[in-house]
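Taken together, the values in this text are just the output of simple stated rules run on the coordinates, not laboratory data. Because the structure is a prediction, the values reported are computed rather than measured. When we count neighbours, we look across all protein chains shown, and the Cβ atoms used for this are built from the backbone with ideal geometry, even at glycine.
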Amino acid sequence: MPVDDASPLAFRAAQLLLDRKEEMNLPNLRIVTQEQFLREADQLDNIPTDQKILIIDQTERVLRYLYAHLPFKKVFQSDDPNVNPLATLAVLREQVETLSDFDFHICMLLAMAGARDIHTIYIAPSPYRGAVAFLPFQVRFYELSQTERRFLVTKTMATNENGGFDHPHFRKGAEIVEWDGLVPEEATMVAAQLQPGANPDAELARGAARLTARNISTQGVAADAGIPPFRPRHTVRILYTGPGEKKVREITFPWQVATGFGAATFSSTAFSHSEAIANMQRWNKCSYRPEKVVAAKAKNSDFLEAQFPTDPPSPGRPHPDLLSCPQEPKWPIGYLRIRNFASDGFNAIEDARFREIRDLLARFDQEAPGGLIIDIRENGGGLIRIAERMLQLLSPRRIRPLQFHFPRTQVVEEVFQILRGEGVSRGEFAQWLNPLPDDDNDPSTPLTPGRTLTPEALANDTGQVYQSPVVLIFDALTYSAADMFAAGFQDHEIGETIGVDCSTGGGGANAWSYNDIIRNLPPLPGLELPRLPGDCSLSVAVRRCTRTGPEPLPIEEIGVSPHHYHPRTSRDLLSDTADHFDLAVVRLIATPFRRINILSSELKDGVAAIQLSTTGIRFVAFRTAGQVIASGAVRENISLPFSLPIQQTLPLQIQVEGYWEEDELKKGLPPLAAPRISFS
């Protein structure tokens, strides 16, 4: 079988991307072969043995004293150094003098991989940090049955000015038959080895993503398995069949490395995210959607993609023909893709992003009253408070934010004692310093009492903006703050959920970097926190979260299970109009339609004059400052005026609550719809 060398094609794709680096605001972008990158890295100054031992020691301390999931991860109860990260670190300490820098970093990655927690990772220093090893295409899988999966090329980088990929057979839709001598599923699990997912679905999904792109500082490079010295693979050999063909062909691609994306920085309080995920998101946007990067640069926003019923079709979104509900009357349906929950921790940016989401949903409420599809597939997380604050915009219910818990370790207890004694209210620990009446203060429990990171008042300060039915779509790459959004969506019964995997990624914690730990902890006797060499770092899950449903279930490892499981089809991977969108529309049509239309509102001489009409609502109540000030029966689709005497001072919010029967209000049941009217 002749072997097709695709090196010229890969280098052309890299050069076209480099040609746009200024346009994408990436002036430091550099792409070289993986072989050259690793050769240059090997020529840099070595990390002394004592500094490598320091890294091992501090990693062990952080895991023992601050890792919130440690009591719940079975691997930490094992003595097997091939399983238990702490035991692996002990073995590594004995062998450290024999390891090159590269092999040491890979061993650290392998040790931390045992936790199966992308929040809790080792981050190798520069030049590895921020570097992405890549192939010029993307591979994903679909399911023929519960035991049979097919792996397809789903995206390709541009190799010509028209955006095409100049190969007659290896292109979008090509099926992978063999990958470096392994069947595709085996190769996928090998690719996941250095940073596996928290559950089987996440591991398979992350492995498929890492077949063609790897964040080197946290995922290493493709290499032969075994013990050090590790031998990197600089090319990949693939057997495949072209779209619509049966003939098996062979092709090789070189691994290349891109650097110069800039560092990801996150606030320890606000974020549930992963530097590895953030770096890969930046790479995927640059390599497969450079025009989106340019557009996002122009409007300073890249985390939302909205499609209204009148918008033209575009790749990766449902076709406009789909966005019209086949019922009478025909109400149009909207689509909102949330790629992340923002990428900076400053409060001003948090508020600006929240307002952007609020205003977008207000527009959807007017232009797409038939329902809304929210898509958080491959959303790696971000600002927890944006994820939790957004829930109120979709629901008439009062939102109860997630509970977060520190590990109940000697170090954490000493921190509490020191801060209580000093009378210092440290932002990261303040809520946990004073007990509450319903706290579980049993010292034998592994976690401290729960507290919210999103104040309940902030999670309910705006109220419902979008009133029509909502369906949420997620996958096993939905992680961290996106896991939390999906959990809150279910726990508050906002709408039905559709999973293209059996669960989300299972990232249930707030992670701190090693620098966050140094900054947040007061000086403790016996616990030294020296700086790590260079820009080497650690990330650890310090606060474990529990859901607010009937049972305080964790999100870590378990993730969120969908109401409807829709395994991927080839059409899902290759078509702009995917099968899971069809299912989403069917579920929206089946959902009861409830809404209150505020036709006009005016406050004059202490009286609020409100004109409204309703659908699926027969009784309304008006509430201010938590108190019902008026209520009455309504008739569907009939405009009715209400005059309300107002005694409160401005600014003022009136929540209009809709019910089917008056008894629902008397029994304290949640309303069916609850938009708010603001007067300032």
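Residue 74 sits among other residues whose Cβ lies under 14 Å from its own Cβ, and their net charge, with Lys and Arg +1 and Asp and Glu -1, is -3.
In the chain, helical runs assigned H by DSSP with n ≥ 4 each contribute -39500 (n - 2.57); averaged across all residues and rounded to the nearest 500, the mean residue ellipticity at 222 nm is -8500 deg cm²/dmol. Cβ-to-Cβ counts within 10 Å put 636, 305 in ascending order as 636, 305, the fewest first. Relative contact order of segment 49-123, taken over Cα pairs closer than 8 Å and 6 or more residues apart, is 27 percent. Our compactness index for segment 422-527, the C-alpha radius of gyration over the empirical 2.2 N^0.38 Å, is 1.41. Each of 566, 580 has some number of other Cβ atoms within 10 Å of its Cβ, and from fewest to most they run 566, 580. Dividing the radius of gyration of the alpha carbons in the chain by their Kirkwood radius gives 0.99 for Rg/Rh. Relative contact order, whole percent, for the chain stands at 14, derived from Cα pairs under 8 Å and 6 or more residues apart.
Here the dipole of the chain is about 1040 debye; that uses its Cα centre as origin and unit charges on the Cβ of Lys and Arg (positive) and Asp and Glu (negative).
Distance between the modelled labels on residue 422 and residue 436, one decimal in nanometres: 2.5 nm (7 Å Cα→Cβ projection). For the chain, the residue among 472, 659, 27 whose Cα projects farthest onto the positive side of the dipole built from Cβ charges is 659. Backbone geometry of segment 597-603 corresponds, through the Karplus equation with coefficients 6.51, -1.76 and 1.60 at θ = phi - 60°, to 3J(HN,Hα) couplings of 9, 7, 7, 6, 8, 8, 10 Hz, x marking Gly and Pro. Annotation: extensible slack from residue 252 through residue 355 equals 32.3 nm (criterion: 0.36 nm per residue apart, minus Cα-Cα distance).
Relative to the longest principal axis of the Cα atoms of the chain, helix 101-113 runs at roughly 40 degrees.
Dividing the Cα radius of gyration of segment 35-92 by 2.2 N^0.38 Å, with N the residue count, gives 1.48. Cα convex hull, segment 396-473: 146 Å³ per residue, rounded to a whole number. Ordering of 658-666, 193-201 by packing is 193-201, 658-666, highest average first (other Cβ atoms within 10 Å, averaged per residue). Note on residue 599 and residue 43: their simple-model spin labels are 7.7 nm apart, each label 7 Å out from Cα toward Cβ.
The modelled label-to-label distance for the pair residue 95/residue 515, using points 7 Å beyond Cα in the direction of Cβ, is 3.2 nm.
Each 5 Å bin from zero up to the one holding the largest Cα-Cα distance in segment 595-679 carries the following percent of pairs: 3, 15, 30, 26, 17, 8, 2. Neighbour counts of C-beta atoms inside 10 Å place 604, 73, 21 in the sequence 604, 21, 73, starting with the fewest.
All Cα-Cα distances of segment 571-638, cut into 5 Å bins from zero to the largest, leave 3, 12, 15, 16, 13, 8, 8, 8, 7, 5, 3, 1, 0 percent in each bin in turn.
Helix 347-367 and the longest principal axis of the C-alpha atoms of the chain enclose an angle of approximately 60°. Taking only Cα atoms, what is the 0 to 90° angle, nearest 10, from helix 410-422's long axis to the longest principal axis of the chain? Tilt relative to the chain: about 50 degrees. Secondary structure note: in the chain, about 80% of the DSSP beta bridges are antiparallel. The Stokes-Einstein estimate for segment 49-123, based on a Kirkwood radius over Cα pairs and taken at 4 °C with 1.567 mPa s viscosity, is a diffusion coefficient of 105 µm²/s.
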